[in-house]
Each structure stands twice: as C-alpha cells, then as structure tokens.
Amino acid sequence: MLNKFSVVSPIKGKRICLDEVKDDLFRSSVMGPTVAIDAQDCMLYAPEDAVMSVVFDTAHAYGLKFKNGVEMLVHIGINTVELNGEGFEAFVKQGDSVKKGTLLAKFDKELIASKGIDPTVMVVITNAAQFENVVVKDADLIDLHTAVFEVIEGEVKEKKGNKKMNKNEQLAKDILACVGGYENINKVTHCSTRLRFNLKDETIVKEAELKKLNVLKVIQAGGQYQVVIGPEVSNVFKYIGFNDNGTSGSETKEKVSPVNKVFDIISGSFSPLIPVFCGAGLIKALCAVLTMLNILQTTDSTYLILSAAGNSVFYFLPILLGVSIAKKLNLNPYVAAAIGAALMEPNFTGLASAEGAVTFAGIPVMVSDYSSSVLPIFGAVIMLYVVENLLKKYLPADVHIIFVPFLSLLIVVPLTILIFGPFGIYLGNALAAFISFIMGKSAILTGAIVAGIWLFVVVLGLHWAIIPIMINNMALNGSDPLMGVLQGASWVVCGIAIGTFLKTKDTRLKEVAISGFIPAFLSGISEPILYGILFRYKRTLVISVISMAVCGALGGMIGVAATQLAGGIFTIFTYIPIINYIIVILVAIILPAVLIMIFGLGEEGE
C-alpha cells in the first residue's frame with residue numbers, strides 16, 4: 001500500500017483558478033503541481049519543518065526542502081523580480097533551518113499591484129517527479145492548516161540528468177553552447193525559476209538542442225530568451241560566468257578590489273537617499289531665500305516648520321543611512337534604524353551635559369554628537385553584519401525573530417558608543433591642534449591641506465572641532481581666514497554639479513546634479529551633491545579634492561577671510577576682500593567643471 005501525506009499552505013488566502021494566471025510558465029504547471037493564491041494577510045510561513053534551499057536577494061521567491069523530501073517553491077507575484085525587493089521583507093536566509101509556523105517573509109500586496117504587477121502567490125511542488133503522484137487538493141478558502149497538495153509516495157524516481165557531481169556546472173556549459181557562447185550575449189540575469197538572456201543574434205540559437213537539456217521550458221518573450229530551470233536556477237547561474245547585474249563573463253572573473261567593494265557599499269547605501277537629500281536641500285535653500293528677502297524671520301513659526309522639514313533628513317542621517325546600509329548588506333533594516341536612533345536618543349545625548357563621569361558597566365564613556373554623522377553608523381552596521389550572522393548561525397531558527405534583534409541591539413549599541421565616541425573626540429582634537437599649528441606657518445599650505453581634506457572631515461563628523469577656532473578668530477579679529485579658505489570647497493560642489501550635468505547622458509543623474517546645485521548655490525548646502533555624486537563616482541571625488549585644495553591654497557594666498565559663519569550666494573558680502581572672494585568662487589566653479597568635461601565621471605556615470 002502506498003503511503004500518502006498532505007502538504008499544507010504557507011499562506012492564507014483565496015485559491016485562484018490556474019487558467020486565470022497571467023503567466024504561461026505557472027499556468028501550464030511546467031515546474032510541477034501548482035496552486036495560485038490571492039493572499040489575505042501577506043505573511044508567508046513555513047508549512048513544515050524545512051531547510052531554506054533558496055532565498056532570493058529580492059525577497060520575492062523562496063525554496064523549501066521538507067524533512068519528508070518534498071521541495072516547494074513559493075513565488076510571490078508574477079515577474080516581481082523587476083521590483084528589486086521593493087515591497088518585500090525576508091526574515092530568513094538561504095541555508096536556514098526553520099520550524100513549522102516560522103514567519104519567512106511579508107510583502108506589500110497593494111504596492112505590488114500599484115506597480116502594475118500581479119501579486120498572486122504561486123506555490124509549486126518542484127520535485128513531484130520523485131514521487132508516485134502529487135495531487136492538487138480542492139480548497140477555495142485557504143488557511144495555514146489547509147492541505148493544498150496530497151503526496152503519494154512510491155519508488156523514488158531519479159530526475160533525468162540528476163547527477164551529484166557538477167550537474168549545474170555542466171548544464172550551464174551546455175546552455176552557453178546552445179545560445180552561441182559569451183560572444184553572443186549582451187546580458188543575462190535570472191529570476192526565481194529562469195535564466196533571462198538578451199542575445200545579440202537570436203537566429204544562431206540551437207533551440208532544439210536547448211530543449212533537450214535538463215530544462216523545463218524555453219520561452220521567447222519581451223526581447224529575451226528565457227530558459228526555465230526551476231529553483232536550481234541560481235546554482236546554474238553562478239556557473240554561467242556573469243555577475244549579478246548580468247554583465248560580461250570576463251568582467252566577473254576579475255577580482256574586485258577592497259577599494260571598489262567599499263565604494264560599492266557606500267554608493268549603494270547613499271543612492272536610495274538621493275531624492276530625499278535633494279528635496280530637503282531645496283527646502284533649506286527656500287528658507288534661505290525667504291529670510292534673505294525678509295519674507296520670514298528665523299524666529300517665525302512658519303520658518304521653523306519649513307526648517308524642520310529641511311533639516312530633519314540631515315540631522316537624523318544616522319537613522320536613514322542605517323536603514324539603507326542594512327538593506328545593502330541584507331540585514332534587518334529596522335534593527336539598524338534602532339541603532340542609529342539610540343545614538344540620538346534624548347536621554348543619551350543629555351549625558352553630554354551631565355555632571356560627573358559617564359560610564360557603561362564601569363567603562364568610561366565619551367559622549368559625542370552623532371547627528372548628521374556618517375562614519376559611526378557605517379561602523380555600527382558593519383558590526384551588526386558580523387553579530388547578526390553569528391547569531392543566526394548559532395541560535396535555533398524558531399527564536400531568531402525575538403533574540404536576534406534583542407542581542408544585536410544589546411551588543412552593537414554599547415560597542416558603537418564605546419568605540420566611536422572616543423575615536424571621534426580624540427581625532428577631532430588632534431585635527432584642531434594640527435590646524436592651529438599650521439595656520440601660523442603658511443596661509444597657502446593651510447588652505448590647501450584644510451580645504452583638500454574638508455570633505456572627509458565633514459563625513460567623519462569632525463567639523464565640530466574646527467568651528468571653535470573660527471568663532472574665536474572672529475571674536476578676536478573680526479574675521480576668520482580659515483572659513484575664508486574653506487568656502488572655496490563649498491563652491492567646488494557647484495562646479496561638480498555643473499560639470500556632471502553637462503557631461504552625463506543619464507537623465508536621472510542630470511536631475512540629481514541640477515537639484516543639488518540649487519541649494520549649494522543659494523545657501524552652501526552640499527549634501528545632495530556630496531552623497532549623490534561625489535561618493536558614488538570615484539573620479540568626481542578625486543577631482544573635487546584636487547579642486548578644493550587648489551581653491552583653498554588660492555584663498556590663503558590672496559587673503560580671503562569671513563566675517564560670519566555662512567555660505568551661499570546671499571552671504572557673498574560677508575567675505576573680505578570681496579573681489580578676492582569672487583575670484584575664488586569663479587575658480588572653484590570653473591576648475592572642477594572643466595576637469596569633469598575632460599576626464600569624465602567614469603564609465604558608471606556616463
């Protein structure tokens with residue numbers, strides 16, 4: 001007598017007839033017995049104890065291997081790979097062992113639908129050929145305990161070509177040969193079930209031979225050759241020899257340098273924040289214009305509300321950046337946000353003015369101002385990366401949802417404060433001492449060095465150590481030469497924006513350049529350009545450092561000084577001699593713009 005057992009649904013919802021599914025692959029059940037579900041609560045759970053055999057970076061598809069040998073694919077939506085993870089949140093990683101009822105993922109059904117994408121959840125038994133039969137059960141309303149498949153065991157049937165040794169590598173090699181090799185491929189990517197080829201010449205594809213391989217189906221759609229493989233697609237893809245963006249195999253084989261890895265993380269972390277940087281920067285520029293025209297005063301409630309909208313993004317940067325870095329590193333973004341918020345929590349920041357020594361478990365603590373800072377949250381999220389992965393490796397999967405965030409916060413927040421508090425204070429004091437020393441030696445040297453490193457001083461959050469020097473000079477002498485040489489650096493940002501706008505063919509980058517130029521020009525607000533261009537494209541960063549150093553040296557040589565701590569076009573009369581300051585402005589704008597026109601932004605920006 002054959003053994004039978006049921007497989008329950010991983011999600012609540014209403015069953016949809018397969019004939020209504022808008023995808024040939026799923027509608028035809030070519031990958032195996034399939035159930036289509038209109039999700040009710042948009043929460044995906046493990047139907048049985050399982051190992052996560054597949055978890056896509058975009059969090060839209062999951063493969064589970066149960067103890068009874070059944071392999072299930074859960075694909076949330078049709079073609080949702082195109083959303084690149086937007087609207088999805090995964091709570092597990094590939095290789096995790098999970099217990100029945102473990103929350104695997106959640107998704108935003110309304111957001112998916114608003115993008116014009118079908119949010120229907122597809123549940124597939126992908127290894128049905130290994131059993132005597134797999135029957136789809138009749139059930140319209142589906143709960144987590146509802147049986148959706150009945151599996152009938154028999155003699156195990158080995159799938160054709162199912163070899164243990166390098167089967168995926170051999171399949172990748174055979175597919176490459178059939179599509180015409182590397183030289184015929186413009187791009188190749190993959191979703192949860194298929195390889196997607198953009199080919200130079202589709203006429204040379206050996207389609208008949210391709211269909212004879214251990215693949216489920218070959219489809220031509222949307223200008224692509226799609227080879228349907230099933231849940232093993234990611235394992236085949238890695239042998240194709242292309243990177244995750246689908247670029248050429250020869251590029252993939254090159255080792256990525258540590259510097260490029262760092263820039264990739266920085267760029268990938270700042271990129272999602274660029275629109276809000278630009279928007280907030282424009283609001284700050286608007287506030288500057290309204291006060292300059294005496295339409296508003298800085299004490300007016302209207303001004304304060306507008307100012308809050310503009311300042312909030314930059315003040316709470318550790319929180320926003322924490323979320324973005326965590327997403328880049330595939331961590332829990334809300335734990336990272338909590339770490340950033342802890343650095344700015346009022347009770348903690350109040351310790352800076354508290355009487356007596358501040359300690360944590362008996363260890364002395366130096367309290368810093370973390371608002372608008374970048375380095376501490378980068379360091380904190382990198383520590384979170386190590387801690388979270390270790391915890392998920394050694395803690396049972398069924399306690400991850402509670403104890404991983406708990407222990408991560410417990411470990412990372414104190415470590416961040418203990419490490420970066422003293423680091424920032426000591427480094428800031430050393431920088432202030434160094435600048436005070438060289439100021440008396442050479443104005444040209446001071447301008448070149450201080451302006452040349454100013455970008456990194458701001459990013460590290462060390463500018464607080466320099467401001468007292470400027471204020472002291474203004475109080476004693478009525479003007480400050482240090483602020484005078486540094487303002488050239490602010491105008492260099494405008495030149496970078498102009499050069500980028502003129503050089504790039506990327507319309508989105510043009511938008512970033514022009515929207516970043518406006519606040520920089522009007523009020524000296526450089527963050528949209530700093531994070532939207534300079535820290536995304538290495539060549540612009542080099543050009544900006546050179547240009548800032550030149551303008552700083554020029555400002556020191558011709559004796560520019562500031563009578564106020566202010567920037568932008570409306571404060572031009574607060575610098576003396578004004579004609580010398582105008583010369584610095586012109587050089588600061590023209591030099592980087594010309595250098596970008598000559599040397600470009602780098603391939604990634606053009």
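The values are calculated or read from the model by the stated rules, or taken from the named source; none is laboratory data. These numbers were taken from a predicted model, which means no experiment stands behind them. Virtual Cβ from ideal backbone geometry, glycine too; neighbours counted across all protein chains shown.
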query: Which members of the range 361-379 meet the condition of being assigned to a helix (DSSP H, G or I) and in contact with a Leu (Cβ under 8 Å, 6 or more places away or on another chain)?
result: Leu375, Pro376, Ile377, Phe378
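Is at least one residue of the range 106-120 closer than 23 Å to Ile402 by Cα and part of a loop (DSSP other than H, G, I, E, B)?
Initially, the range 106-120 is screened for residues closer than 23 Å to Ile402 by Cα, giving 106-108.
When the remaining residues are screened for being part of a loop (DSSP other than H, G, I, E, B), the result is 108.
Yes, that holds for at least one residue.
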task: Could you grab me the full set of residues in the range 560-596 that are in contact with a Phe, Trp or Tyr (Cβ under 9 Å, 6 or more places away or on another chain), under 20 Å from Met439 (Cβ atoms) and hydrophobic (A, V, I, L, M, F, W, C)?
output: Val560, Ala561, Ala562, Val584
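Condition check: of a type in the set (Val, Ile, Thr) and more than 29 Å from Asp264 (Cβ to Cβ). Does Ile363 satisfy that?
On the way: of a type in the set (Val, Ile, Thr): yes; more than 29 Å from Asp264 (Cβ to Cβ): yes.
When the stated conditions are applied, Ile363 passes them.
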Single unsatisfied condition, Ala338 versus (1) in a loop (DSSP other than H, G, I, E, B); (2) over 22 Å from Pro422 (Cβ atoms); (3) in contact with a helix residue (DSSP H, G or I) (Cβ under 8 Å, 6 or more places away or on another chain): (1)
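Give the residues of the range 121-135 that are in a strand (DSSP E or B) and either more than 21 Å from Gly63 (Cα to Cα) or at pLDDT below 90 (or both), sorted by residue number. Walk me through it before giving the result.
Within the range 121-135, the subset in a strand (DSSP E or B) is 121-125, 133-135.
If the condition is that a residue be in a strand (DSSP E or B) and either more than 21 Å from Gly63 (Cα to Cα) or at pLDDT below 90 (or both), then Asn133, Val134, Val135 are the ones that fit.
Just need a number here: residues in the range 471-505 that are surrounded by fewer than 22 Cβ atoms within 10 Å (Cβ to Cβ) and either assigned to a helix (DSSP H, G or I) or among the small types (Gly, Ala, Ser) (or both).
So the count comes out to 14.
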field: Criterion (modelled with pLDDT under 90 and closer than 26 Å to Ile469 by Cβ) met by exactly one of Ile525, Ile546
entry: Ile525
query: Among the residues of the range 468-487, is there at least one that is without any contact (Cβ under 8 Å) to a residue 40 or more places away in the chain and under 16 Å from Gly524 (Cβ atoms)?
result: no
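Could you tell me whether Ile125 is more than 26 Å from Val399 (Cα to Cα), under 22 Å from the mean Cα position of the chain (by Cα) and hydrophobic (A, V, I, L, M, F, W, C)?
No, not satisfied.
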- request: Kindly indicate whether Pro468 is assigned to a helix (DSSP H, G or I), touching a Phe, Trp or Tyr at 6+ places or on another chain (Cβ under 6 Å) and farther than 30 Å from Glu48 by Cα.
  value: no
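Could you please find all residues in the range 78-94 being part of a loop (DSSP other than H, G, I, E, B) and within 23 Å of the chain's Cα centre (by Cα)? Before the answer, list the steps.
The initial filter retains those residues of the range 78-94 that are part of a loop (DSSP other than H, G, I, E, B), namely 78-79, 84-87, 91-94.
Correct list: Asn79, Asn84, Gly85, Glu86, Gly87, Phe91, Val92, Lys93, Gln94.
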- prompt: Any residue in the range 226-242 that is at pLDDT below 80, within 30 Å of Ile125 (Cβ to Cβ) and basic (Lys, Arg)?
  reply: yes
message: Six or more apart or on different chains, Cβ atoms under 9 Å: show the pairs whose first residue is in the range 390-418 and within 14 Å of Val98 (Cα to Cα) and whose second is surrounded by fewer than 18 Cβ atoms within 10 Å (Cβ to Cβ) and among the aliphatic types (A, V, I, L, M).
response: Leu395/Leu407; Ile401/Leu103
task: Hey, could you check the range 441-465 for residues that are in contact with a Gly (Cβ under 7 Å, 6 or more places away or on another chain) and not in a helix (DSSP H, G or I) and say which is modelled with the lowest pLDDT?
output: Gly461
query: Which residue pairs have Cβ atoms closer than 6 Å, lie 6 or more positions apart in sequence or on different chains, and pair a first residue in the range 309-329 that is part of a helix (DSSP H, G or I) with a second residue that is charged (D, E, K, R)?
result: Gly310/Lys284; Phe314/Glu527
- prompt: When residues of the range 514-560 are filtered for being crowded, with 24+ Cβ neighbours inside 10 Å and over 23 Å from Ser373 (Cα atoms), how many remain?
  reply: 7
